[in-house]
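Quick notes on the structure that follows.
The values are calculated or read from the model by the stated rules, or taken from the named source; none is laboratory data. Please read these numbers as outputs of a predicted model, since none were measured by experiment. Virtual Cβ from ideal backbone geometry, glycine too; neighbours counted across all protein chains shown.
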Amino acid sequence: MGLLQSAVFGQIDPENRRLIQLGYDQPLEGTAPIGGYGFYYFNKPGFLETNITLRMALAPVYLDTELGIREVFTPNTDLGIGLSGGGFRDSYPEIRDGTYRRDESFTGHTFELSSSIYHRLNPNWRVPAWIIGRGAIHRAMYERDSDTSDDFEIPRDLNTFLVRTGLRVGGREPSLTSPLAFEISLWYEGEFRERTQLYGFNDDREIEQATHLFWGRTFLKYTFPESQQYFDAGLTLGASVDADRLSAYRLGGFLPFASEFPLSIPGYYFQEISAEKFALLTAEYSFPFTPNKNWRLSFYGAGAAVDNLETHEAAGTWHAGLGAGVTYVSPRGAWLVSVVYGHGFRAVRHDDHGANNIGILLQYDLDAVKKFPYRRFEPNVSPYSSRAGERIFR
């Protein structure tokens, strides 16, 4: 996964949005693949017709779009038709034993056509519940990096049929300044490839023809109206059947919009840990420390128990990280910038444990002038969650 990623967002978004999101994660020890994203998110309800919404995420080398049509089959059922493609989305960095192995890594480009169904179960409730179904035809096109070993055979171009279904209650807005969020959700995704494929050094690794992923998560974010302190805590559990290097869950780093379900652990390389199963607990506490509440101090923590891929067992089964950050939010909430530091307690570096990283997050809201200063405690919980242009955990 490279720096110039894009993101789109879950169910059909009912609000006009124009957001710029940037994130970058830099390790202080060792060498790691570039971890980050940069994209412009545009959402336009009432596009062409009153029941049509255009959603687009644009990065320098990647585009992800969806045309959402409300009330297609029933008054509570919406249809989404998506098209995405571009460079580096399916790139694979091999990170093993805390070492980024450039000679076993390669670049992947992509094209994907998808269709989604969003059915709301409780249209009269404040917190929405959705059943979501999605099917996609995905083509990955691989090429060698300049550092890929001459003896390493990269995978051949591969077609995959993706199926995802889930039940989601609540959700999170695609914004770092959203004051409220709540979700309980359960998911399944199947990846069905056209063939089993061997690659690597003398065909020493395999891409499975079918992989099944099962996961669930719950989280709560709450902002106190007067003090503007907030806490954000979440638990994500995942399991898989026949996971391989390209489909395993990948944990590590601190990039909130890198995927719809970010598996963040401060201090670790971005996507350092490859796991077949995992349990991840995350928490954040943030408070303003100036009278005008534009400067904030935040503390982050994460702990995970993982069942690694057999080829990555040296990473260990327990991981934890702590971090802190300083954030400035402009008086009208138009832009936000955070500088974050993280320490990973069990990350392997040079035959020892312990690693550090720093990161930067930036958000610019082109419509902030129409909103409350710093989004002061808006009462509604939006059901719309982020989904990255790449697959859910990769």
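More than 30 Å from Asp352 (Cα to Cα) and either modelled with pLDDT of 95 or more or surrounded by 22 or more Cβ atoms within 10 Å (Cβ to Cβ) (or both): does that describe Ile52? Here the answer is yes, as Ile52 does meet what is asked.
If you filter region 136-155 down to residues that are among the polar types (S, T, N, Q) and in contact (Cβ under 8 Å) with a residue 24 or more places away in the chain, you find that the one that is nearest to Ala181 (Cα to Cα) is Thr148. For region 111-135, taking the residues that are touching a residue at least 60 places away in the same chain (Cβ under 8 Å) and surrounded by 15 or more Cβ atoms within 10 Å (Cβ to Cβ), the one that is nearest to the chain's Cα centre (by Cα) is identified as Ile132. Here Thr77 qualifies as of a type in the set (Ser, Thr, Tyr) and more than 22 Å from Phe106 (Cβ to Cβ). One residue stands out among those in region 336-359 that are over 20 Å from Leu281 (Cα atoms), of a type in the set (A, V, I, L, M, F, W, C) and modelled with pLDDT of 95 or more: the one that is surrounded by the most Cβ atoms within 10 Å (Cβ to Cβ), which is Leu336.
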